[in-house]
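K.L.:
Mind having a look at this structure? Questions to follow.
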Amino acid sequence: MGMVGGGRGAFIGAVHRMAAALDGEIELVCGAFSSSPKKAKLSGKDLFLPADRCYGSYEEMIKKEKELPEGERMDFVSIVTPNHVHFGPAKMALQNGFHVVCDKPLSFNMKEAKELQRLVKKTGLLFALTHNYTGYPMVKQAKVMIKKGKIGKIRKVVVEYPQGWLSTRVEATDSKQAAWRTDPKKSGIAGAMGDIGTHAENLAEYMTGLQITKLCADINIMVEGRRLDDDGNVLLEFDNGAKGILFASQIAAGEENALRIRVYGEKAGLEWAQMEPNSLIVKWLDKPMEILRTGFGNLSPEAQNATRIPAGHPEGYLEAFANIYRNFAISLRAIINGKKPKAIYMDFPSVEDGVRGMRFIEKVIESGKSKQKWMKF
């Protein structure tokens, strides 16, 4: 793996490195860790990489790595930069034959997203988007139960992602994470809806197997002086006729990362919460409620494949993140060896999911500004 971004002072880069390393499937061999060449090289030194594999820019990294013999050069690029620096390295990597893992959202705007989608289709290379919440075992268990019709036809989806860390104008302090996320030049047209609203949208579509067809949004800036949304409420309609509610807020004081989803079918409802991820609550219409737990043998193969340790030993955010990297690595190894990857390992968010995430951002902001509230997705 070669990495773009994630140097000194970054948050998500370290998460990606831990996740990639967890299962021993991936080795970090090079990187361009900052837009500052000096900082990029110092960051590589921090990670004990050889000096000649610590590059001053992603352009240099991709060019020099391509010149190395196959088996020595990196196999794929991991992009962990702010939103406005996703497209450039992803495009160049694909054009030069390198597979890609990219942090979400896919790009800065829809035009870039569609160009990446076109390149992935043209090259046939693997592309994974790190919507890490899809990696939890009990999310996969819920997905299988819904797909098999266990809870009947879905009628209602309620998904929420409240955080409280932007309840004050922390971007005016020395918070690097807040500064770029609230800057339209770096984040794009959306703040909270792009940062965490896309996670809620992706989780709802992944778990249910449904797709949003229409939405109606109320988008807000609650902190005075902030340039991008920090709160929003969205009504949804899905392709099977089901209705939904999505809210994402970064000014919900006291909340941490309270991503939660409830899916109601004709026979039962399912409930899962990211901060208590080992439990899936099943509320039956005609029998007592069940609580399914990670690590037990009566779960689906998909849930068991995403579990590393016995029941009662909590697995969480890093392990879910690692499931995306592991599935990607196993699939990539199969391709390198001339084999077709198994479907169970191709279970990671794709460039198509990224395009849908960008469309969600686009339509939510459009609806929020428009007097004609309902928008076709």
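K.L.:
Look through region 63-78, keep the residues that are outside any loop (DSSP other than H, G, I, E, B) and touching a strand residue (DSSP E or B) at 6+ places or on another chain (Cβ under 7 Å), and return whichever of them is nearest to residue 335 (Cα to Cα).
P.N.:
So in region 63-78, the residues outside any loop (DSSP other than H, G, I, E, B) come out as 63-67, 76-78.
After this cut, where a residue has to be touching a strand residue (DSSP E or B) at 6+ places or on another chain (Cβ under 7 Å) as well, the list is 65, 76-78.
Working: 65: 20, 76: 12, 77: 16, 78: 18 Å.
Among residues in region 63-78 that are outside any loop (DSSP other than H, G, I, E, B) and touching a strand residue (DSSP E or B) at 6+ places or on another chain (Cβ under 7 Å), the one nearest to residue 335 (Cα to Cα) is 76.
K.L.:
Okay, moving on. Kindly provide the set of residues from region 79-103 that are assigned to a helix (DSSP H, G or I) and either surrounded by fewer than 17 Cβ atoms within 10 Å (Cβ to Cβ) or within 20 Å of the chain's Cα centre (by Cα) (or both), ordered by number.
P.N.:
83, 84, 85, 87, 88, 89, 90, 91, 93, 94, 95
A quick yes/no check of all residues on (1) crowded, with 23+ Cβ neighbours inside 10 Å; (2) in a strand (DSSP E or B); (3) in contact (Cβ under 8 Å) with a residue 40 or more places away in the chain; (4) not assigned by TED's automatic domain parsing to the domain that holds residue 179:
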site: 202; (1), (2), (3), (4): yes, no, yes, no
site: 206; (1), (2), (3), (4): no, no, yes, no
site: 223; (1), (2), (3), (4): no, no, yes, no
site: 227; (1), (2), (3), (4): no, no, yes, no
site: 247; (1), (2), (3), (4): no, yes, yes, no
site: 255; (1), (2), (3), (4): no, no, yes, no
site: 263; (1), (2), (3), (4): yes, yes, yes, no
site: 272; (1), (2), (3), (4): yes, yes, yes, no
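Yes/no per residue for (1) touching a Ser or Thr at 6+ places or on another chain (Cβ under 8 Å); (2) in the same structural domain as residue 103 (by TED's automatic domain parsing); (3) of a type in the set (Ser, Thr, Tyr); (4) not in a helix (DSSP H, G or I):
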| position | (1), (2), (3), (4) |
| --- | --- |
| 8 | yes, yes, no, yes |
| 15 | no, yes, no, no |
| 23 | no, yes, no, yes |
| 26 | no, yes, no, yes |
| 34 | yes, yes, yes, yes |
| 44 | no, yes, no, no |
| 48 | no, yes, no, yes |
| 60 | no, yes, no, no |
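K.L.:
Also, I was wondering about something else. With (1) surrounded by fewer than 16 Cβ atoms within 10 Å (Cβ to Cβ); (2) more than 22 Å from residue 371 (Cα to Cα) as the list, and residue 210 as the residue in question, which single condition is left unmet?
P.N.:
Of everything listed in (1) surrounded by fewer than 16 Cβ atoms within 10 Å (Cβ to Cβ); (2) more than 22 Å from residue 371 (Cα to Cα), residue 210 misses just condition (1).
K.L.:
Are any residues in region 309-353 hydroxyl-bearing (Ser, Thr, Tyr) and in contact with a Ser or Thr (Cβ under 7 Å, 6 or more places away or on another chain), and if so, which ones?
P.N.:
Here is the first cut: in region 309-353, the residues hydroxyl-bearing (Ser, Thr, Tyr) are 317, 325, 331, 345, 350.
Hit for region 309-353 is 345, nothing else.
K.L.:
Ok, one more. If residue 51 passes every condition in (1) surrounded by fewer than 22 Cβ atoms within 10 Å (Cβ to Cβ); (2) farther than 30 Å from residue 264 by Cα; (3) in contact with a strand residue (DSSP E or B) (Cβ under 8 Å, 6 or more places away or on another chain) but one, which one does it miss?
P.N.:
Every condition holds for residue 51 apart from (3).
K.L.:
Go through region 161-174 and give me each residue that's buried (at least 20 other Cβ atoms within 10 Å of the Cβ) and either free of Cβ contacts under 8 Å to residues at least 40 places away in the same chain or not polar (S, T, N, Q) (or both). Don't jump to the end; show me each part of the working.
P.N.:
In the first step, residues of region 161-174 are kept if they are buried (at least 20 other Cβ atoms within 10 Å of the Cβ); the result is 161-163, 166, 171.
Within region 161-174, 161, 162, 166, 171 qualify.
K.L.:
Moving to a separate point now. With respect to residue 210, is the statement that it is part of a loop (DSSP other than H, G, I, E, B) and in contact (Cβ under 8 Å) with a residue 24 or more places away in the chain true?
P.N.:
yes
K.L.:
Right, residue 239: out of contact with any Gly (no Cβ under 8 Å at 6 or more places or on another chain), surrounded by 20 or more Cβ atoms within 10 Å (Cβ to Cβ), modelled with pLDDT of 95 or more and more than 27 Å from residue 279 (Cα to Cα) or not?
P.N.:
Values: out of contact with any Gly (no Cβ under 8 Å at 6 or more places or on another chain): yes; surrounded by 20 or more Cβ atoms within 10 Å (Cβ to Cβ): no; modelled with pLDDT of 95 or more: yes; more than 27 Å from residue 279 (Cα to Cα): yes.
Judged against the criteria, residue 239 is not a match.
K.L.:
Just wondering, is there one or more residues in region 304-325 that are touching a residue at least 60 places away in the same chain (Cβ under 8 Å), more than 16 Å from the chain's Cα centre (by Cα), outside the structural domain of residue 181 (by TED's automatic domain parsing) and under 30 Å from residue 192 (Cβ atoms)?
P.N.:
Checked against the condition, which is being touching a residue at least 60 places away in the same chain (Cβ under 8 Å), more than 16 Å from the chain's Cα centre (by Cα), outside the structural domain of residue 181 (by TED's automatic domain parsing) and under 30 Å from residue 192 (Cβ atoms), region 304-325 yields at least one hit.
K.L.:
Within the bounds of region 134-152, is there any residue that is free of Cβ contacts under 8 Å to residues at least 12 places away in the same chain, farther than 19 Å from residue 317 by Cα, of a type in the set (Gly, Ala, Ser) and not in a helix (DSSP H, G or I)?
P.N.:
The first filter runs over region 134-152 and keeps only residues free of Cβ contacts under 8 Å to residues at least 12 places away in the same chain, leaving 148-149.
If we keep only those that are farther than 19 Å from residue 317 by Cα as well, we get 148-149.
Going one step further and asking which of them are of a type in the set (Gly, Ala, Ser), we end up with 149.
This time we only want the ones that are not in a helix (DSSP H, G or I), so: 149.
Yes.
K.L.:
What do you reckon, is residue 268 of a type in the set (A, V, I, L, M, F, W, C), touching a Pro at 6+ places or on another chain (Cβ under 6 Å) and at pLDDT 95 or above? First the steps, then the outcome.
P.N.:
On the way: of a type in the set (A, V, I, L, M, F, W, C): yes; touching a Pro at 6+ places or on another chain (Cβ under 6 Å): no; at pLDDT 95 or above: yes.
So residue 268 fails the test.
K.L.:
In the list 121, 176, 186, 104, which residue meets the criterion of being out of contact with any strand residue (DSSP E or B) (no Cβ under 9 Å at 6 or more places or on another chain), farther than 18 Å from residue 306 by Cβ, of a type outside the set (S, T, N, Q) and not assigned by TED's automatic domain parsing to the domain that holds residue 244?
P.N.:
Every option except 121 fails the conditions.
The values are calculated or read from the model by the stated rules, or taken from the named source; none is laboratory data. All of these numbers come straight from a predicted model, not from anything done at the bench. So basically every Cβ, Gly included, is an ideal-geometry build from the backbone, and we count neighbours across all protein chains shown.
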